[in-house]
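In what follows, a single structure is set out as structure tokens and then discussed.
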Amino acid sequence: MSDLYKPQTLKLYAQQAGSVRLTLDWFANKAFYPPRAGVHIKPLINGQAAFDAVHAAMEAARHSIDIITWGFDPAMRFKRPDGPRIGELLQTKGREGVQARVLVWSNQLARLKENTIPGAGVGGSGGTWAGSGVASGSAVDNEVLRLEQRRQHNLNLIARQQEALERSERLHREGRLPSFDPRGAAHARARIAELEAENAENQRTFDSSEAQGYGGKRGSGGTRQDPWGQIFTRDWFKAVRGGGLQNVEFRTRDFEQTARPVMNGEQVRLVNGRLQSLIHLLRADGIDDLGIGQLLVLTQFASHHQKMVLVDYGSPQAIGFVMGHNMHRNYWDTSAHLFDDRAAGRDPGFGPWQDISMQVQGPVLADLSRNFSEAWDLETPWYKRWFSTPSLTAERDALPLPKIATPASNSVAQICRTQPQDGERSILEHYLKALGNATDYVYMENQYFRYAGFAERLRKTAQVRKARGVPGDLYLFVVTNTPDSSDASKTTYDMMKGLGQEQLMPQVQRDLAHDLREKREQLKQVRENLHPDPYVRRGQENNIERLERKIEALEQKGVTPEVEQRLGGLGAQEIPGLAKNTGEDDKPYQLAEVPGLKVVVATLATSDPAPGSPPPARLSAEAEAALGAPPLKARYKHIYVHSKLLLVDDLYTLLSSANINVRSMHGDSELGIAQPNPDLARAMREELWGAHVGRLAETTEKNFELWNQKMDDNWKAQVADEPFTSHLLRFWDVTTPYSQNLTVD
């Protein structure tokens with residue numbers, strides 16, 4: 001985007017009284033929605049805060065509830081552990097006369113990988129992805145449900161038998177039960193043991209099934225942790241599809257293959273399809289290295305990834321949410337990120353979860369309403385669009401603009417989107433402009449870290465600062481996840497290399513070093529065996545040129561002689577052992593300097609005992625050996641980062657559904673809100689960094705030093721099997737091999 005900034009001419013007259021304040025341009029010029037003043041934004045960090053706020057808003061709704069999300073489970077409970085399910089809450093509000101509309105992305109092929117609407121079945125008929133669930137009469141694996149019922153029955157029997165046994169033994173000890181029979185007591189104990197053994201076996205079977213989480217061709221496709229929830233999802237989708245839920249409507253959406261005109265009242269809207277997205281990707285700046293496989297994945301499996309809730313639009317109490325959270329149970333967590341949080345009710349395999357949403361009030365609610373109503377109308381059957389009452393968009397446009405929520409001078413905000421159907425990519429514009437405006441620090445907290453154009457933008461920003469003699473460095477702080485993937489390493493590696501951090505992916509570098517050695521050996525063999533026949537020799541010379549190009553390309557990927565010597569002879573299984581080197585002189589990575597730019601890339605994790613706890617008390621080595629007791633060790637678990645947050649200079653905040661990857665910037669539909677507001681940006685940074693690092697330093701430079709110190713401390717703690725000192729770990733991916741990935745997640 002070469003035209004990020006509009007030229008502006010300002011005329012100042014000496015005779016004018018007062019003063020003029022000039023600020024950087026933070027807003028997108030090509031967004032569909034303008035910047036609007038009077039907007040109040042409240043951060044909702046992690047699931048407990050976000051879902052509690054959404055629940056409260058929906059519970060208080062008087063007129064309407066509008067939901068757009070990527071994933072929707074009607075059996076999820078916003079308030080844990082005993083709040084109503086989402087579907088129940090919507091049913092209740094519908095009976096009260098509130099119009100509830102839910103719009104969710106659905107692609108039948110993509111649902112094979114991850115089921116976005118568990119329990120919906122085929123065509124929303126209620127059941128599994130593979131079938132309607134009607135024939136089986138059950139929305140859950142019958143054996144799992146039978147075992148769960150049996151387990152509960154056994155628990156009741158055990159409780160009754162235990163109570164009777166304890167009572168009879170007490171009376172016998174007191175001499176008040178002369179008929180006490182020890183053989184009967186022994187029989188009761190044996191029966192209790194028998195029931196407990198049966199329950200233990202049933203629990204093993206149940207856990208095995210439960211570990212599959214969402215998905216599956218049997219049952220409802222819902223979480224196996226909640227069999228009754230699976231039945232609820234099946235019945236809920238059957239009811240809503242059949243019109244049995246008063247004032248509750250549910251629709252799904254996907255992308256068309258080609259553009260099509262859509263009637264909206266008296267206007268015609270041209271909606272782009274996958275073909276237009278493909279043409280855009282072929283022409284887009286900064287992503288010209290995508291292969292045909294990646295382009296096809298981007299276009300054929302593009303998703304509607306937006307997440308928003310709007311309540312009572314058009315009334316004084318209207319409130320909205322721009323969300324990172326999906327409406328799936330596994331997105332619920334507290335900011336404590338406990339190692340084992342039973343109250344969270346997440347499926348096995350889903351650990352602590354870091355995510356952020358925003359509560360919004362003020363004039364931008366008009367843009368959230370427009371975003372929802374246009375999407376809703378697009379999924380309205382054509383005959384209703386032509387012959388029924390005015391569209392939702394027309395109804396909403398007739399309502400007055402929401403009143404300002406705050407008169408503060410820093411209340412201007414803008415709704416931004418990636419919306420391929422309309423050709424809008426203003427989230428990308430916001431990122432590029434914000435990174436170019438940075439003067440002190442940039443903070444990215446994002447699920448993915450895979451858009452090399454942002455690394456280039458930051459390098460150029462730092463380079464310009466240095467060229468202009470600006471003192472000090474620009475700082476980049478990143479919290480993300482390691483790929484831990486067999487098919488998505490290239491984009492992350494390219495991003496890391498652009499920032500001098502490529503040695504934090506040693507498995508990728510090992511693969512590249514092995515490939516480089518093989519190519520050099522092949523080149524040596526060809527050169528040493530040149531054929532005297534000119535025709536054969538010409539083919540060999542062409543092969544030499546091809547190998548030389550490949551060797552040069554590998555060297556440009558960061559495979560230095562030092563890397564080749566250090567990693568080239570190692571097997572893949574030896575790479576994790578590099579972490580044992582904790583000394584400054586023998587640490588397993590060397591980070592490259594980027595002139596004018598200081599970079600730190602982190603992941604999040606927790607430990608048991610909790611971070612900050614003293615190491616587990618241990619016996620002496622002699623006692624452990626004599627008793628055959630294994631040494632006590634801390635346990636570790638990654639905190640999955642699902643956030644999509646950008647902060648710049650304690651001034652600018654962007655929260656969206658967009659990941660830092662090509663999909664979110666170009667292919668999927670995304671939704672975000674941006675606001676240059678020092679109070680908001682500073683408060684979010686202090687809360688997040690305080691939670692991740694444990695404390696804050698006075699300056700950006702000191703915070704950079706603190707982050708590195710904390711990450712080094714936790715590296716050493718993990719090597720020593722001790723608890724972490726904080727949640728912050730250095731990005732270190734020892735599992736992901738190099739892959740020219742077909743997927744571009």
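Quick one: is Ser369 within 26 Å of the chain's Cα centre (by Cα), closer than 24 Å to Ala434 by Cβ, in the same structural domain as Gln306 (by TED's automatic domain parsing) and at pLDDT 95 or above? So Ser369 does not fit the description; no.
Summed over the range 380-403, the residues that are in a loop (DSSP other than H, G, I, E, B) and modelled with pLDDT under 90 give a count of 6. Those residues that are over 24 Å from Asp367 (Cβ atoms), out of contact with any helix residue (DSSP H, G or I) (no Cβ under 6 Å at 6 or more places or on another chain) and modelled with pLDDT of 95 or more, I need them from the range 650-682; list them, please. Within the range 650-682, just Arg682 meets the criteria.
Scanning the range 80-112 for residues that are in contact with a helix residue (DSSP H, G or I) (Cβ under 9 Å, 6 or more places away or on another chain), at pLDDT 95 or above and part of a loop (DSSP other than H, G, I, E, B), we see that the one that is farthest from Gly229 (Cα to Cα) is Val98. Apart from one condition, Asp341 fits all of (1) of a type in the set (Asp, Glu); (2) out of contact with any His (no Cβ under 9 Å at 6 or more places or on another chain); (3) buried (at least 24 other Cβ atoms within 10 Å of the Cβ); the exception is (3). Taking the criterion of being without any contact (Cβ under 8 Å) to a residue 60 or more places away in the chain and not small (Gly, Ala, Ser), the residues of the range 328-345 that qualify are Asp341, Arg342.
Tallying residues that are hydrophobic (A, V, I, L, M, F, W, C) and either in a strand (DSSP E or B) or surrounded by fewer than 20 Cβ atoms within 10 Å (Cβ to Cβ) (or both) within the range 226-244 yields 2. None of Leu399, Leu432 is surrounded by fewer than 22 Cβ atoms within 10 Å (Cβ to Cβ), of a type outside the set (Gly, Ala, Ser) and in contact with a helix residue (DSSP H, G or I) (Cβ under 7 Å, 6 or more places away or on another chain) except Leu432. Screening Gln361 against (1) surrounded by 20 or more Cβ atoms within 10 Å (Cβ to Cβ); (2) in contact with a Ser or Thr (Cβ under 6 Å, 6 or more places away or on another chain) leaves a single unmet condition, (2). For the range 216-231, the criterion of being hydrophobic (A, V, I, L, M, F, W, C), in contact with a Gly (Cβ under 7 Å, 6 or more places away or on another chain) and modelled with pLDDT of 80 or more is satisfied by no residue at all.
Determine which member of the set Asp340, Asp333 is in a loop (DSSP other than H, G, I, E, B), modelled with pLDDT under 90 and more than 30 Å from Ala398 (Cβ to Cβ).
Details: Asp333 fails: modelled with pLDDT under 90.
The conditions single out Asp340.
Output yes when any residue across the range 422-432 is in contact (Cβ under 8 Å) with a residue 12 or more places away in the chain, in a helix (DSSP H, G or I), within 29 Å of Asp254 (Cβ to Cβ) and in contact with a Pro (Cβ under 9 Å, 6 or more places away or on another chain), and no when none is.
Kept after step one, since they are in contact (Cβ under 8 Å) with a residue 12 or more places away in the chain, are these residues of the range 422-432: 422-432.
Within this subset, residues satisfying the condition of being in a helix (DSSP H, G or I) are 422, 426-432.
Checking the rest, the ones that are also within 29 Å of Asp254 (Cβ to Cβ) come to 422, 426-432.
Now restrict to residues that are in contact with a Pro (Cβ under 9 Å, 6 or more places away or on another chain): none.
Checking the range 422-432: not a single residue is in contact (Cβ under 8 Å) with a residue 12 or more places away in the chain, in a helix (DSSP H, G or I), within 29 Å of Asp254 (Cβ to Cβ) and in contact with a Pro (Cβ under 9 Å, 6 or more places away or on another chain).
For the range 523-562, give me each residue that is of a type in the set (A, V, I, L, M) and under 32 Å from the mean Cα position of the chain (by Cα). So that I can check it myself, show each step before the final result.
If we filter the range 523-562 for residues that are of a type in the set (A, V, I, L, M), which is where we start, we get 523, 526, 530, 536, 544, 547, 551, 553-554, 559.
Matches in the range 523-562: Leu554, Val559.
When Leu147, Leu195 are checked against the criterion of being surrounded by 13 or more Cβ atoms within 10 Å (Cβ to Cβ), in a helix (DSSP H, G or I) and at pLDDT 75 or above, Leu195 stands alone in meeting it.
Taking the listed residues Ser373, Ser369, the one that is crowded, with 23+ Cβ neighbours inside 10 Å, hydroxyl-bearing (Ser, Thr, Tyr) and farther than 30 Å from Ala605 by Cβ is Ser369, with no other qualifying. Can you work out which of the residues in the range 121-137 that are touching a Gly at 6+ places or on another chain (Cβ under 7 Å) and hydrophobic (A, V, I, L, M, F, W, C) is modelled with the lowest pLDDT? The residue in question is Val134.
Taking first residues from the range 182-196 that are within 14 Å of His172 (Cβ to Cβ) and partners that are assigned to a helix (DSSP H, G or I) and hydrophobic (A, V, I, L, M, F, W, C), the Cβ contacts under 6 Å between residues at least 6 apart in sequence or on separate chains come to Ala188/Leu165.
The values are calculated or read from the model by the stated rules, or taken from the named source; none is laboratory data. Because the structure is a prediction, the values reported are computed rather than measured. Ideal geometry is used to build each Cβ from the backbone, glycine not excepted, and the neighbour counts take in all protein chains shown.
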